[in-house]
1. So, in region 95-112, how many residues would count as being free of Cβ contacts under 8 Å to residues at least 60 places away in the same chain and in contact with a helix residue (DSSP H, G or I) (Cβ under 9 Å, 6 or more places away or on another chain)?
2. Going by the structure shown, is G50 in contact (Cβ under 8 Å) with a residue 12 or more places away in the chain and at positive phi?
3. Can you find even one residue in region 310-322 that is among the hydroxyl-bearing types (S, T, Y), at pLDDT 95 or above, surrounded by fewer than 19 Cβ atoms within 10 Å (Cβ to Cβ) and closer than 29 Å to V32 by Cα?
4. List pairs: first in region 299-316 and among the basic types (K, R), second crowded, with 20+ Cβ neighbours inside 10 Å, Cβ under 8 Å, 6+ apart or cross-chain?
5. Give the residue, chosen from I82, I44, that is in a helix (DSSP H, G or I), hydrophobic (A, V, I, L, M, F, W, C) and in contact with a Ser or Thr (Cβ under 7 Å, 6 or more places away or on another chain).
6. Tell me, which strands (runs of 3 or more DSSP E) wholly within region 328-401 include 2 or more residues that are more than 25 Å from F420 (Cβ to Cβ) and at pLDDT below 95?
7. For region 194-208, enumerate the residues that are outside any helix (DSSP H, G or I) and either touching a Phe, Trp or Tyr at 6+ places or on another chain (Cβ under 7 Å) or crowded, with 18+ Cβ neighbours inside 10 Å (or both).
Amino acid sequence: MLISAPASGQGKTTITAALAYHHRQQGRKVRVFKTGPDFIDPQILAHASGQPVYQLDLWMMGEAHCRELLYRAAGEAEVILIEGVMGLYDGDSSSADLAQTLGVPVAVVIDAQGMAQTFAAVAYGLANYRPQLPFAGVIANKVGSQGHAKLLEEALPETMPLLAAMAKDQAVGLPSRHLGLLQADEIGDLDQRLARAAELLNSLAPCRLPEPVAFEAIETKPLPQLLTGKRIAVARDGAFSFIYQANLDCLQAMGAELKFFSPLADHSLLEADSVYLPGGYPELHLQTLADNLAMKQALREHHEAGKPIYAECGGFLYLLESLVDKEGNSVAMVGLLSGSARMQSRLVNLGMHSLQLEQGEIRGHSFHHSQLETAMAPLTLSTPQRNRSHSEGFYRSGRLQASYLHNYFPFNPQVAAGFF
């Protein structure tokens, strides 16, 4: 089922993680997906389910690929949960669009504190706003008591089940920062929070599942072996952790060998043909990155040897001459790209983007709080999906390619192979 809500902040991630943890504790195999281009929620959901979490987005990935991922998951798991994005009907490619296109039943999470019969009215409106939407039922969050849960359930139409009711408890909330929740490895008591949340799911009413769903078989063609024999060094640590699992799978399916390293902790670069510097939170680790002179030199030597480097967002910032925090403190970065970036108190760009390169189109998204200051001329500009977003420059220097974009490799594996 797809877990949605009337709006952001209703508890979708907490409820989805609690459901995954609960069913895993019951001995069921659980797979979780996240609607839209999100890196942080999937870390929490992967921790809860014990399995990697993949994205589902009709525009960025295409319907056929979404169907392929769901069919593959259905062959491995007994419970599939999809966390929605924003409110159920929000956005140009909404959670409702995804559920309706793929035939996945929707469960809506509603924050029930301070509500009684109006809870049912909100649920009824969400279920009937688009009559053809497959609707499974309702999950009440922040419920005051067993009596409150009973009141909410009695107010619902007979055809609309209360699938779960979670009692209000501050111990299960997930801490956040400017891009969303804290990363999973930053929440020291995450296991305790998840266990408590799973316990609360069954404390007021029995936790129920919707009717089973069947997925049609999907035929897939093997990817071209464009990266056979290539070893790619992938940065992965507290500063660089925004990586689609599907991107890693795509590189491996094209024949690449992946090795992981930490620009924060390692003082030498792995022996590799190419380097992948994904996004993350370099601004939270400025001094550590600046002080690791050996790693910066290793990346320069890799570039000078004519070997490919591909960098996205946080990885892109790391390759600039300097990065400035919100207090105005400037630290030296790798210096392979001229210019600097300055952290802002407000979001600078957000949205889906299409990028056209020699091998064709690739799609991804932009989401950053830093402002680039550079005299570099971009190789090309991305095309935003929406007018509210602005284009992002794609930069190339020798065999180094970088931008703010988080690109989704399976959309066009040929373009992805070209990065490495």
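1. Looking only at region 95-112, we keep the residues that are free of Cβ contacts under 8 Å to residues at least 60 places away in the same chain, and these are 97, 100-102, 112.
From the residues that got through so far, the ones that are in contact with a helix residue (DSSP H, G or I) (Cβ under 9 Å, 6 or more places away or on another chain) too are 97, 101-102, 112.
Matching residues across region 95-112 total 4.
2. For G50, the condition - in contact (Cβ under 8 Å) with a residue 12 or more places away in the chain and at positive phi - is met.
3. Scanning region 310-322 turns up no residue that is among the hydroxyl-bearing types (S, T, Y), at pLDDT 95 or above, surrounded by fewer than 19 Cβ atoms within 10 Å (Cβ to Cβ) and closer than 29 Å to V32 by Cα.
4. If the second residue must be crowded, with 20+ Cβ neighbours inside 10 Å, the pairs left are R300/V334; R300/L336; K307/A272; K307/S274; K307/V275.
5. Of I82, I44, the one residue that is in a helix (DSSP H, G or I), hydrophobic (A, V, I, L, M, F, W, C) and in contact with a Ser or Thr (Cβ under 7 Å, 6 or more places away or on another chain) is I44.
6. 349-357
7. Once the filter is applied, which keeps residues that are outside any helix (DSSP H, G or I) and either touching a Phe, Trp or Tyr at 6+ places or on another chain (Cβ under 7 Å) or crowded, with 18+ Cβ neighbours inside 10 Å (or both), region 194-208 yields L204, A205, C207.
Conditions tested, residue by residue: (1) loosely packed, with under 15 Cβ neighbours inside 10 Å; (2) of a type in the set (S, T, Y); (3) outside the structural domain of H365 (by TED's automatic domain parsing).
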{"residue": "E219", "(1), (2), (3)": "yes, no, yes"}
{"residue": "Q225", "(1), (2), (3)": "yes, no, yes"}
{"residue": "K259", "(1), (2), (3)": "yes, no, no"}
{"residue": "L277", "(1), (2), (3)": "no, no, no"}
{"residue": "G280", "(1), (2), (3)": "no, no, no"}
{"residue": "L286", "(1), (2), (3)": "no, no, no"}
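The values are calculated or read from the model by the stated rules, or taken from the named source; none is laboratory data. Since we're looking at a predicted model, the values are computed, not measured. Note that each Cβ is placed from the backbone with ideal geometry, even for glycine, and that neighbours are counted across all protein chains shown.
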